[in-house]
Structure formats: C-alpha cells, structure tokens
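A.B. asks: Pasting a structure below so you can have a look.
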Amino acid sequence: MRLRTQASPADVCIVGSGAGGGTAAYALTNAGLNVTVLEAGGPWDNTTDSAMLTWPYESPRRGASTRAKPFGEFDGCIGGWELPGEPYTVAPGEKFRWWRARMVGGRTNHWGRISLRFGPRDFRNKSTDGLGDDWPISYDDVKPYYEKVERLVGVFGSNENLPNAPDSIFLPAPKPRCYELLVQQAARRLNVTCVPSRLSILTKPLNGRTACHYCGQCNRGCKTNSNFSSTNVLIGPALKTGKLTLVTNAMAREVTVDKSGRASGVTYINTTDGSEHHVDARVVVVAASACETSRLLLNSKSALFPNGLANGSGTVGKYLTDTTGTDVGGFIPKMMDHVPHNHDGVGGMHVYMPWWLDNKKLDFPRGYHIEVWGGPDMPDYGFMGGIERLPPGGGYGKQLKNDYRRYYGAYVGFSGRGEMIPNENSYCEIDPNVVDKWGIPVLRFHWKWTDHEYLQVKHMQETFRAIITEMGGTAHSPMPSKEDGYGIAAGGVIIHELGGARMGADPKTSVVNGNAQAHEVKNLFVTDGGPFVSQADKNPTWTILALSWRASDYIADQLKKRAL
C-alpha cells in the first residue's frame, strides 16, 4: 500500500542530505520553497553525537574499527564498504569497492575536508589533450558559486596564483608542523611545489561558528561545528527556516512520473519497519551520491522510460570514475628523539602539493596532487605497529618501551590523488539477479584502469620515494611492480566516485544539461557527483557544493517563473 506522507505536494523533494542534497536544501529553503529531504540513514548531530575528545583508553577497543565504523570506532561516519542487507556485486575478475554512508549529512561526515576548486583547464581537458569530454559549462560559470560556498562554509589556505589550482576566498592557514616543515624543505629542493593546504576548517569565527581549537580530531565529527559537514552547516540552518521536512531512515526506491513524463515524486521505504511511502513534489532533486543516483534512476522504470528514468541516451551509470590513489610511508631518522612540543593542529594536513608538472613532457596525460601525513599522532589501537622493522628490530620490556618513545612520530607519508580519464569499461548497471533486503535491485560494477592511470601512479610512487630519500629516510615498503599495478588502489577505494549521470549539451550522449537538469524530464535534477564529466586532480566535494547551489538557484528561478 502506498501511504501519502504530506498534506500537499512539496515544492522540491531531495534524495540525500550530503554535500549535494544539503546544499540544495539550504539554497532552496532560503529561497522560500517548501522542501522535503529523504535520508536513507538515521539522525546524526555532530555537536552532540561526536566522540570528539574521547580518549582511546576510555574504550576497551582502544579505537579499533568496527563493521559500522571501518575507519575506527570513533570515526564520525556511519556506513562502510559492506552494509548488512544492502549488497552490491562486481563483475567476475574485476575489482571495485563501494563506500556508503547511512546518516544525516552523508559522506560529509567522513571526508578529509580537502576543499579544492577545479581549475579552468579541468572543464576543457579534451580541448587540451583530446581525451574524455569537455564540460558544457566553464570555470567562469561555476566561479561565483565557489565564492558563495566559501563565504558560507569557510576554507583556509594561501593565495598562490597557480595556473590550474585557483585561489579561494581564504581564511588564514595554520602554520606547518615540524614534520611538515621538513617535507616542505625536501620538496622545494626537488622543485616540487608545496604550499599551505586548503581545508574547510575554520581558523577564524564565521557565520556564528567558532574557530577550530586544534584538537586534531576532525574525523570524529566536530562538537564545536568548526569544520564543515552538511549536518549543521547546511541541513541545520535549512531546518531553522521552517521550510524543510527531514525524513530519516527513508530509502528511495523509485522516482515516479505522471502520464506526461514529468517527475511526480519519490517512493521510499521506511527502513525501520519496511513500509512504503510516497512524497509528491513539483521538482525532484537526486543527490544520493553518484552510484546510488545511477541505481535510483535505473530502477525508476515505466512505460515512458523502460530503460530507466532520463536514460534515453543509455548513459545512466556509464563513464564512472574514481580518483587514482597510492600511498608510501617512510622512516625519518632525523625525527627520532624529538623534543616534546605542542604539535597540535587541524585534523588533517597543513601543507599539500598541487600538480606542478607539464603532462606534455610526461608519459601520462593528467596530473595528481599529494597529501601529506605523519608525525606524532594520537596513540590508539595498532599504535606503531611494525616497530620490529626499525633498528634495533623491536624487543621487549624497558628497551621496547624506550624504543616506542624514541621512534614515536619519526615517520612521514604521502598519498597521491590523481585524475582518471573516463572509459567505456568503467560503469554500473542493475544486477538482474540480486536485490537488497527491501527488494530493491542492486548495482553490479564493472571497472578498468588504463595505462593513463597506471603510469600516473608509477610517477606518484617514484616521487614519494624521492622525497623520503631527500629527507634522509627510507620507505617502509619496496616499489610495487608493474604486475601489481604500481600499487594503484582498487576502483572505489578513494571514495570519490563521479559520473553516471554526466552533463552534456547533446541529449544523445549525456543525462543532464549544464544546469544539472535532465534532458528528458525537465523537473528532475541531479546535484551530487553524478553529472561530473571529468574527475580532475582535485577532491570533488567543493565542486559538488558549487554545482548544487548553481542548480538550486536555477530551480528557484524557474519555479518562480512557473517554468517547471
């Protein structure tokens, strides 16, 4: 039985409360529209539910991971690679992992808050090297919305005037920690650009939110609301307008359409009791995360859309990408026996390395950035595992305890995050034989890296090892072989999936237009990572926020004109 859950249709129904859905909720409610948000997970409030300032010794697990918290029991994100009753499948012989969040705010409770604008070239890469496709919009179209996001959310950094890593409206950047100064010095000797990082963590009060107090636990959720998550920077203010209805534990099953082919609302399952409900809406915004959005559209079949909603081009679920990634850590002897000092900072890096080379002179076409980690972290479960690999090779008793003190923090690490070029062999589709516990068909993933990505990751590995050597250190592990893909992470592992509902000017080859509006269903919009045409060598969240705000302004304008 279909149950009606509202007295009158919502102006807009949004699926998802993360970066894209939260931004749409914020912008549309502030435009005076009545909005309903459906969130598949449960309630969450970082100001009350966070484990910030909990000592590891206060838990018998000492912070070790759980099935619901794969990144540690104190991590602020509820979800994981495998969710009970919510399977997905992967084509035989291929590798892909899918991280899903199940809570208000979605993945914004998990991410590292690395907040990078895409650059002008990122929207026009095909015109540069002939690979992939150009976006139907330009950097200048998105720039005003980056600025809106920055004024609302806040991001620290420094003005560097780099050609394809645009500066933002920055708050002051925190100073580098000791190990970051050593990294910066080594990078400069190797002519690798190393500048203050760009994270959406407040170093000054902004819009009623207090500045970071440098406890370094951003991943746990911030009780002082000093870092960004959708929960209290977007959804919370939207609720205060009185225009937002937030429905949690609501698993979207289908976007429904009327006889004319317009979206009429969303059918969802109440995950607490399995009952089915429907939200009527004048406009539907899908922001469930790129792959979940593909699943919802592909499952929204009807006589008018037998292959899935807005899928006349056959490209829903196609051209998926993820950020390329690999990591190297190393032992740095000069960081041993450090003098105890205040090394507090934000829960993330204070320096990073944007792409600094010309791909025309290299054997791979797109770049990457480098994330920096290391130093004396909070000791918890697994603390200094592998000490036996260091001189004098482990031990026991007083010697071992003394070695822990001497080697504590004497390491650095680097993570490369690069651009994958979309290919026809990386996509998701509906598995015809598997459903989840609510009877909703699940996704089957296909994935393939190409030499573009393998050679890029090889360069990452070589660069990281060169920096460690320049610092007088040794890498913890040998250089991965070609047969091992040079250490490339499996698809999905970096948790930056994009595509599946890509933008384009041609309805025959794309799902949405430059306003994130479906070509075939004018009152249907996609505002997560689905519309991305390319990946770029930057984390995508900042661009998801900007594009969602841009689409929301368009929706509000069109509803005002009664054009939707």
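The values are calculated or read from the model by the stated rules, or taken from the named source; none is laboratory data. Because the structure is predicted, anything quoted here is derived from the model rather than measured. Heads up, the Cβs are rebuilt from the backbone with ideal geometry, glycines too, and the neighbour counts pull from every protein chain shown. Side chains are part of the model used for accessible areas, which takes the heavy atoms of the whole protein and leaves out ligands, DNA and RNA. Shrake-Rupley method; radii C 1.70, N 1.55, O 1.52, S 1.80 Å.
A.B. asks: Of the cross-linked pairs K143/K243; K148/K561; K240/K561; K148/K360; K301/K482, which ones have a Cα-Cα span greater than 32 Å in the structure shown?
C.D. replies: Details: K143/K243 28 Å; K148/K561 23 Å; K240/K561 26 Å; K148/K360 34 Å; K301/K482 43 Å.
From K143/K243; K148/K561; K240/K561; K148/K360; K301/K482, over 32 Å: K148/K360; K301/K482.
A.B. asks: Where does helix 451-470 land angle-wise versus the long Cα axis of the chain, in degrees 0 to 90, nearest 10?
C.D. replies: That helix lies at roughly 30 degrees to the long axis.
A.B. asks: In whole percent, what relative contact order does the chain give with Cα contacts below 8 Å and a gap of six or more residues? Don't skip to the end; give the middle numbers.
C.D. replies: Working: 1323 pairs, mean separation 127.4, N = 564.
Value for the chain: 23 percent.
A.B. asks: By how many nm would the segment from A505 to A211 grow when fully extended, if each residue of separation counts as 0.36 nm and the alpha-carbon distance is taken off? Working shown, then result.
C.D. replies: Working: separation 294, 0.36 × 294 = 105.84 nm, distance 4.24 nm.
This chain segment gains 101.6 nm when fully extended.
A.B. asks: When the convex hull of the Cα atoms of the chain is projected onto a plane and the area is averaged over all directions, what value comes out in nm²? Provide the component values of the computation, followed by the final result.
C.D. replies: Values: hull surface 101.9 nm².
Dividing the Cα hull surface by four gives the mean projection, 25.5 nm².
A.B. asks: Right, something else. Give the distance, in whole Å, between the Cα centre of the range 329-385 and the Cα centre of the range 96-159.
C.D. replies: The range 329-385 and the range 96-159 have Cα centres spaced 22 Å from each other.
A.B. asks: Once phi is turned into ³J(HN,Hα) by the Karplus curve 6.51 cos²θ - 1.76 cosθ + 1.60 with θ = phi - 60°, what whole-Hz value does each residue of the range 172-181 show in order, with x for glycine and proline?
C.D. replies: x, 8, x, 6, x, 6, 4, 5, 6, 5
A.B. asks: Same structure, new question: Pick out, from N227, T271, A238, the residue whose Cα sits farthest towards the positive end of the charge dipole of the range 172-311, with +1 on the Cβ of Lys and Arg and -1 on the Cβ of Asp and Glu.
C.D. replies: Result: N227, furthest along the dipole toward the positive end.
A.B. asks: Something else: With a ≥ b ≥ c taken as the square roots of the eigenvalues of the C-alpha gyration tensor of the range 442-564, please select rounded if a/c is under 1.5 and otherwise prolate if a/b is larger than b/c or oblate if it is not?
C.D. replies: Working: a/c = 3.84, a/b = 2.42, b/c = 1.59.
In terms of gyration-tensor shape, prolate.
A.B. asks: Please get the size of the charge dipole for the range 177-261, origin at its Cα centre, with Cβ charges of +1 on Lys and Arg and -1 on Asp and Glu, quoted in debye to the nearest 20. Show your work: numbers first, answer last.
C.D. replies: Values: 12 positive and 3 negative charges, 52 e Å.
Approximately 260 debye in magnitude.
A.B. asks: Can you give the accessible area of S59 in Å² (nearest 10), computed on protein heavy atoms with a 1.4 Å probe?
C.D. replies: Looks like 10 Å² after rounding.
A.B. asks: I've got another one for you. Which order do C194, C178, C215 take by accessible area at a 1.4 Å probe, largest first? Intermediate results must be reported in sequence, preceding the final value.
C.D. replies: Numbers: C194 5, C178 75, C215 45 Å².
Largest accessible area first, the residues go C178, C215, C194.
A.B. asks: Next up: Nearest 10 degrees is fine. How inclined is helix 397-407 to the longest principal axis of the chain, computing both from alpha carbons?
C.D. replies: Result, in degrees: 70.
A.B. asks: When DSSP beta bridges are limited to those with both residues in the chain, what percentage is antiparallel, rounded to the nearest 5?
C.D. replies: Working: 49 of 73 bridges.
The antiparallel fraction comes to roughly 65 percent.
A.B. asks: Determine, from the Cβ-Cβ distance of H343 and N425 and an R0 of 45 Å, the FRET efficiency 1/(1 + (r/R0)^6), rounded to the nearest 0.05.
C.D. replies: Efficiency, from the Cβ-Cβ distance: 0.50.
A.B. asks: While we're on this one: Helix-only estimate, please: 222 nm mean residue ellipticity of the chain, summing -39500 (n - 2.57) across DSSP H runs of length 4 or more and dividing by its residues, to the nearest 500.
C.D. replies: Computed ellipticity for the chain at 222 nm equals -6000 deg cm²/dmol.
A.B. asks: So how much accessible area does D327 have, in Å² to the nearest 10, using a 1.4 Å probe?
C.D. replies: 80 Å²
A.B. asks: Starting from the residue with the highest accessible area, list Y396, Y57 in decreasing order, probe 1.4 Å.
C.D. replies: On the way: Y396 190, Y57 140 Å².
Heavy-atom accessible area, descending, gives Y396, Y57.
A.B. asks: Still on this structure, please answer the following. In the full protein assembly as shown, how much of V512 is accessible to a 1.4 Å probe, in Å² to the nearest 10?
C.D. replies: Surface open to solvent at V512 totals about 0 Å².
A.B. asks: Of I78, G132, H341, which is farthest on the positive side of the dipole of the chain, counting Cα position, with +1 on Lys and Arg Cβ, -1 on Asp and Glu Cβ, and the Cα centre as origin?
C.D. replies: H341
A.B. asks: In terms of modelled amide H atoms, which long-range or inter-chain residues lie less than 5 Å from the amide H of A505?
C.D. replies: Hits under the 5 Å cutoff: none.
A.B. asks: Further, regarding this structure: For E82 and A466, FRET efficiency with R0 = 45 Å and r from the beta-carbon atoms, rounded to 0.05? Before the final figure, lay out the partial values.
C.D. replies: Working: r = 37 Å, r/R0 = 0.82.
Once rounded, the FRET efficiency stands at 0.75.
A.B. asks: Let me ask another. Applying 1/(1 + (r/R0)^6) with R0 = 35 Å to the Cβ-Cβ distance of E483 and T66, what FRET efficiency is obtained, to the nearest 0.05? Walk me through the numbers before you get to the answer.
C.D. replies: On the way: r = 34 Å, r/R0 = 0.98.
Computed FRET efficiency for E483 and T66 comes out at 0.55.
A.B. asks: Moving to a separate point now. Each residue of the range 279-284 in turn: what ³J(HN,Hα) in whole Hz from Karplus with 6.51, -1.76, 1.60 and θ = phi - 60°, glycine and Pro shown as x?
C.D. replies: Using θ = phi - 60°, the values come out as 10, 7, 8, 6, 9, 10 Hz.
A.B. asks: Okay, moving on. From the square roots a ≥ b ≥ c of the eigenvalues of the alpha-carbon gyration tensor of the range 356-487, which class results: rounded (a/c under 1.5), prolate (a/b over b/c), or oblate?
C.D. replies: On the way: a/c = 3.02, a/b = 1.48, b/c = 2.04.
Oblate is the answer for the range 356-487, as a/c is 1.5 or above yet b/c matches or exceeds a/b.
A.B. asks: Modelled label-to-label distance, T474 and V434, 7 Å Cα→beta-carbon offset: nm?
C.D. replies: So the two model labels end up 4.3 nm from each other.
A.B. asks: Let me ask you something else. Please list T224, T324 in order of solvent-accessible area, largest first, computed with a 1.4 Å probe with all protein chains present. Provide the component values of the computation, followed by the final result.
C.D. replies: Values: T224 50, T324 0 Å².
From most exposed to least exposed: T224, T324.
A.B. asks: Still on this structure: Which value, in debye to the nearest 20, gives the size of the charge dipole of the chain about its Cα centre, when Lys and Arg are +1 and Asp and Glu are -1 at the Cβ?
C.D. replies: Values: 61 positive and 56 negative charges, 168 e Å.
The calculated dipole for the chain is roughly 800 debye.
A.B. asks: Calculate, in nm to one decimal, what S302 and S8 gain on full extension: separation in residues at 0.36 nm each, minus their alpha carbon distance. Please list the in-between numbers first.
C.D. replies: Working: separation 294, 0.36 × 294 = 105.84 nm, distance 2.42 nm.
Gain in length upon complete extension: 103.4 nm.
A.B. asks: Same structure again: Return the long-range amide H neighbours of G42 (sequence gap of 5 or more, or a different chain), with a cut-off of under 5 Å between placed amide H atoms.
C.D. replies: M103, V104, N249
A.B. asks: Each residue of the range 376-384 in order: what ³J(HN,Hα) in whole Hz does its phi give by Karplus 6.51 cos²θ - 1.76 cosθ + 1.60, θ = phi - 60°, with x for Gly and Pro?
C.D. replies: Using θ = phi - 60°, the values come out as x, 6, 4, x, 8, 3, x, 3, 6 Hz.
A.B. asks: If you don't mind, another one. Return one number: the angle in degrees, 0 to 90 and rounded to the nearest 10, between the long axis of the Cα atoms of helix 290-299 and the longest principal axis of the Cα atoms of the chain.
C.D. replies: Compared with the principal axis, the helix lies near 30 degrees.
A.B. asks: Next question, about the same structure. Y319's amide H: which non-local residues (gap 5+, or another chain) put their own amide H closer than 5 Å, with H modeled 1.01 Å from N in plane and none for Pro or chain starts?
C.D. replies: Distant-sequence amide H within range of Y319: S426.
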